[in-house]
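Q: First the structure, then my questions, so here it is.
The values are calculated or read from the model by the stated rules, or taken from the named source; none is laboratory data. Predicted model only: the values in this text are computed from it and were never measured. Cβ sites come from the backbone with ideal geometry, for glycine too, and all protein chains shown count toward neighbours.
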Amino acid sequence: MEIQNGLEDYWRMENKKAIREKILSNNFTRKDYFVFKNNVQLIKQIYHPDLTAGIDLPEAITQMAEDSTKLRNIAVVYVVLFLILLFRHDKAQALINIIVITIVLLIMLWANACQRNLPVSTELRLIKLAIRMRKILKARAREEKASIKAEKKRQRAG
């Protein structure tokens, strides 16, 4: 059991190191880091210290990047919708559809950034970071899911 815990700790450290390297290589500006730091402080003021004990700056940036991927998913839906409309209408209507879809996506990007008190450029960098960290985040989600299942199994057995 101790060996497994040691391996889990090692994997978490390697995972954090990989996440930190991705964040540092994502070309965030000093202003971006200042905004991230303010958001972390705001979260720590709002929520109980027990809930925010594990939240540090890289963790907060990672979570913001994960949250920004919802825009990417919506963009895929709009592109599929555009392709369907393209095959059903003529070229002029397709151009109008492209313009409308682009405007809608830009408005959604702006609204999401304003909701989280971020500049739009930072929101774009977060989307880029989430795309670059896709493998790390999937592995992390699998690990968390496995640990939750193991904990439930221990509770049922004990």
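Q: If we scan segment 113-132, do we find a residue that is farther than 21 Å from D32 by Cα, in contact (Cβ under 8 Å) with a residue 24 or more places away in the chain and not basic (K, R)?
A: The answer is no, given that none of the residues of segment 113-132 is farther than 21 Å from D32 by Cα, in contact (Cβ under 8 Å) with a residue 24 or more places away in the chain and not basic (K, R).
Q: Moving on to the next point. Report yes if R125 is under 23 Å from N15 (Cβ atoms), of a type in the set (K, R) and buried (at least 16 other Cβ atoms within 10 Å of the Cβ), otherwise no.
A: In short, yes.
Q: Suppose we filter F28, F34 for residues that are over 21 Å from N15 (Cβ atoms) and either exposed (fewer than 12 other Cβ atoms within 10 Å of the Cβ) or not aliphatic (A, V, I, L, M) (or both); which single one remains?
A: Of the residues listed, the single one that is over 21 Å from N15 (Cβ atoms) and either exposed (fewer than 12 other Cβ atoms within 10 Å of the Cβ) or not aliphatic (A, V, I, L, M) (or both) is F34.
Q: For a quick check of your reading of the model, give me the residue pairs whose first member lies in segment 91-107 and is more than 12 Å from A75 (Cα to Cα), whose second is among the aromatic types (F, W, Y) and at pLDDT below 80, with beta-carbon atoms closer than 6 Å and at least 6 apart or on different chains.
A: Partner pairs satisfying both residue conditions: N97/F82.
Q: Say whether the condition of being out of contact with any His (no Cβ under 7 Å at 6 or more places or on another chain), touching a residue at least 40 places away in the same chain (Cβ under 8 Å) and not basic (K, R) is met by at least one residue in segment 71-90. Steps first, answer last, please.
A: Within segment 71-90, the first condition is being out of contact with any His (no Cβ under 7 Å at 6 or more places or on another chain), and the residues that meet it are 71-90.
Then keep just the ones that are touching a residue at least 40 places away in the same chain (Cβ under 8 Å); that gives 71-72.
Within this subset, residues satisfying the condition of being not basic (K, R) are 71.
Checked against the condition, which is being out of contact with any His (no Cβ under 7 Å at 6 or more places or on another chain), touching a residue at least 40 places away in the same chain (Cβ under 8 Å) and not basic (K, R), segment 71-90 yields at least one hit.
Q: Could you pull out the residue among A94, A18, A75 that is modelled with pLDDT under 80, assigned to a helix (DSSP H, G or I) and within 16 Å of the chain's Cα centre (by Cα)?
A: A75
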